[in-house]
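Here the structure comes first, spelled out in structure tokens, and everything after it is commentary.
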Amino acid sequence: MEGEVHSWGRNQNGQLGLGSTEDSLLPQNINAFKGVPVKMIAAGAEHTAAVTENGELYGWGWGCYGNLGLGDRNDRLVPEKVSAVHGEKMVMVACGWRHTISVSDSGALYTFGWSKYGQLGHGDFEDHLVPHKLEALQGSIISQVSGGWRHTMALTSDGKLYGWGWNKFGQVGAGDNVDHCAPVQVKFPDDQKVVLVSCGWRHTLAISELDNVFSWGRGTNGQLGHGESVDRNVPKIIEALSADGSRGQRIESSNVNALGKIWVSPSERYAIVPDETVQSEVVVPGNGRGSDVSVPGNDVKRVRI
């Protein structure tokens with residue numbers, strides 16, 4: 001309630017903001033925010049971003065791709081204020097794996113960081129080291145953003161959903177499997193308006209104004225919730241079955257985020273997690289900076305195929 005920020009866990013690139021690269025097994029207060037009330041925080045793979053009550057944007061941790069928005073590719077062990085936001089106050093922030101998305105109080109969207117797959121949405125595949133305004137959505141008021149591994153989704157105040165970036169498994173929802181370096185609108189049955197969106201690693205979930213839950217993208221492990229293990233490149237409604245077998249089960253509004261809006265978590269509520277012993281696995285050692293096929297880190301990581 002006081003706007004203090006605590007962090008814990010893995011810290012090899014300073015993503016905890018504690019001034020060191022030592023892991024922390026318990027929550028620790030980030031001293032850099034003493035007296036600076038924080039409104040919203042977001043975590044990427046190895047970097048972190050925050051928005052304060054007065055609209056300032058901060059970044060820290062792994063900065064190799066400019067994903068901290070500080071104009072260089074250096075890591076930061078403590079939070080540092082992002083100055084290149086054209087005088088606008090920020091109200092929202094989200095992190096992808098190696099990129100960051102922020103929204104200003106005017107509803108404008110800014111992205112920065114890694115863009116090998118077009119996940120920044122600027123019409124190219126160039127990294128940006130400072131926040132860059134997304135001109136393609138100028139005129140739209142952005143109400144929510146979410147970052148996946150290599151793709152980005154943005155929701156406008158009038159219920160339209162846009163996606164861009166890596167699309168090998170259809171996670172952008174554009175009806176194809178081609179990477180998109182600029183926003184494309186995602187179409188829903190009966191032109192339903194969207195009220196919530198959340199990106200998984202390679203899939204996406206959304207809730208419509210009719211309380212329908214849709215999913216699309218990678219489905220090999222059943223994470224789309226359709227009772228099968230196939231990928232989908234357009235949204236499909238999750239036909240939830242109630243105890244009496246009727247369809248159209250209402251999704252309860254039990255989870256609320258820092259902005260007072262309901263949120264949907266792909267890992268908690270709508271993913272179907274398979275038995276570990278059923279799936280084939282390959283063991284890929286990480287390297288701290290991460291390759292395109294492994295999660296960054298020095299530990300051994302299981303990657304599903």
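The values are calculated or read from the model by the stated rules, or taken from the named source; none is laboratory data. Model, not experiment: these values are computed from the prediction. Ideal geometry is used to build each Cβ from the backbone, glycine not excepted, and the neighbour counts take in all protein chains shown.
Among the residues of the range 182-195, are any among the β-branched types (Val, Ile, Thr), under 19 Å from Ile238 (Cβ atoms) and surrounded by 23 or more Cβ atoms within 10 Å (Cβ to Cβ)? Yes. All conditions but one from (1) among the aromatic types (Phe, Trp, Tyr); (2) crowded, with 18+ Cβ neighbours inside 10 Å; (3) within 20 Å of Tyr65 (Cα to Cα) apply to Phe169; the one that does not is (3).
Would you check if Leu68 is assigned to a loop (DSSP other than H, G, I, E, B), within 22 Å of Ile30 (Cα to Cα) and in the same structural domain as Gly173 (by TED's automatic domain parsing)? Here the answer is yes, as Leu68 does meet what is asked. In the range 48-56, the count of residues that are more than 16 Å from the chain's Cα centre (by Cα) and part of a helix (DSSP H, G or I) is zero. All of Val85, Val78, Val93 fail the test of being buried (at least 23 other Cβ atoms within 10 Å of the Cβ) and not polar (S, T, N, Q), apart from Val93. Go through the range 1-13 and give me each residue that's of a type outside the set (Phe, Trp, Tyr) and either over 16 Å from Lys81 (Cβ atoms) or free of Cβ contacts under 8 Å to residues at least 40 places away in the same chain (or both). Matches in the range 1-13: Met1, Glu2, Glu4, His6, Ser7, Gly9, Arg10, Asn11, Gln12, Asn13. Taking the criterion of being surrounded by fewer than 24 Cβ atoms within 10 Å (Cβ to Cβ), part of a strand (DSSP E or B) and under 18 Å from the mean Cα position of the chain (by Cα), the residues of the range 104-129 that qualify are Ser104, His128.
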